[in-house]
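Q: I have a structure I would like to understand better, so I am pasting it below and will then ask my questions one at a time.
The values are calculated or read from the model by the stated rules, or taken from the named source; none is laboratory data. Predicted model only: the values in this text are computed from it and were never measured. Glycine also receives a Cβ, built like all others from the backbone with ideal geometry; neighbour counts cover every protein chain displayed.
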Amino acid sequence: MPQSAVARALEPLMLDKMLAVCTVTELEVLYSARDPAGYELDALHLRSDFLHLPIDADVQERALHVQGMLARKSQHRAVGANDLLIAACAEVHGATILHYDRDFDVIAEVTGQPSLWVVPPGSVS
């Protein structure tokens, strides 16, 4: 099977240990596991191949603050709680969000934090 565009984009960053996840990201990835063996393999991969950023009190407070910023623009329902926590975690820890989800663009518009599409929008089916 040919390597996907997303895998090609992520591989060099992963090899250089430049990718990070937080617990929310892990939960979202592991939710998609098809069976117990796949779950365990994915969990091992996440723990061994990615840096881990904690979701601490500062991250939680930032997520709430950003949701408030969005509410003042009547956009607080445009972004889910998980994406708010992931974005806040990246921002608090000085990381760039690498994503394939327009919600992170909405967040970045109010926070000014760095956010990059892993591949161009609309290029993955």
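Q: If I go through segment 48-74 residue by residue, how many of them are in a helix (DSSP H, G or I) and either modelled with pLDDT under 95 or under 16 Å from Ser115 (Cβ atoms) (or both)?
A: Going through segment 48-74 one residue at a time, the tally reaches 7.
Q: Of (1) surrounded by fewer than 12 Cβ atoms within 10 Å (Cβ to Cβ); (2) farther than 29 Å from Asp16 by Cα, Ala37 satisfies all except one. Which?
A: Ala37 satisfies all of (1) surrounded by fewer than 12 Cβ atoms within 10 Å (Cβ to Cβ); (2) farther than 29 Å from Asp16 by Cα except (2).
Q: Scan segment 75-115 residue by residue and report those that are out of contact with any strand residue (DSSP E or B) (no Cβ under 8 Å at 6 or more places or on another chain), outside any helix (DSSP H, G or I) and farther than 16 Å from His52 by Cα.
A: The answer is Gln75, His76, Arg77, Ala78, Val79, Gly80, Asp101, Gly112.
Q: Scan segment 8-44 residue by residue and report those that are without any contact (Cβ under 8 Å) to a residue 60 or more places away in the chain, part of a helix (DSSP H, G or I) and polar (S, T, N, Q).
A: Thr23
Q: Sort through Met18, Met69 and tell me the only one that's under 25 Å from Ser123 (Cα atoms) and either exposed (fewer than 15 other Cβ atoms within 10 Å of the Cβ) or over 12 Å from the mean Cα position of the chain (by Cα) (or both).
A: That would be Met18, the only listed residue that is under 25 Å from Ser123 (Cα atoms) and either exposed (fewer than 15 other Cβ atoms within 10 Å of the Cβ) or over 12 Å from the mean Cα position of the chain (by Cα) (or both).
Q: Go through (1) touching a His at 6+ places or on another chain (Cβ under 8 Å); (2) free of Cβ contacts under 8 Å to residues at least 24 places away in the same chain for Val118 and report which single condition fails.
A: Only one criterion in (1) touching a His at 6+ places or on another chain (Cβ under 8 Å); (2) free of Cβ contacts under 8 Å to residues at least 24 places away in the same chain is unmet by Val118, namely (2).
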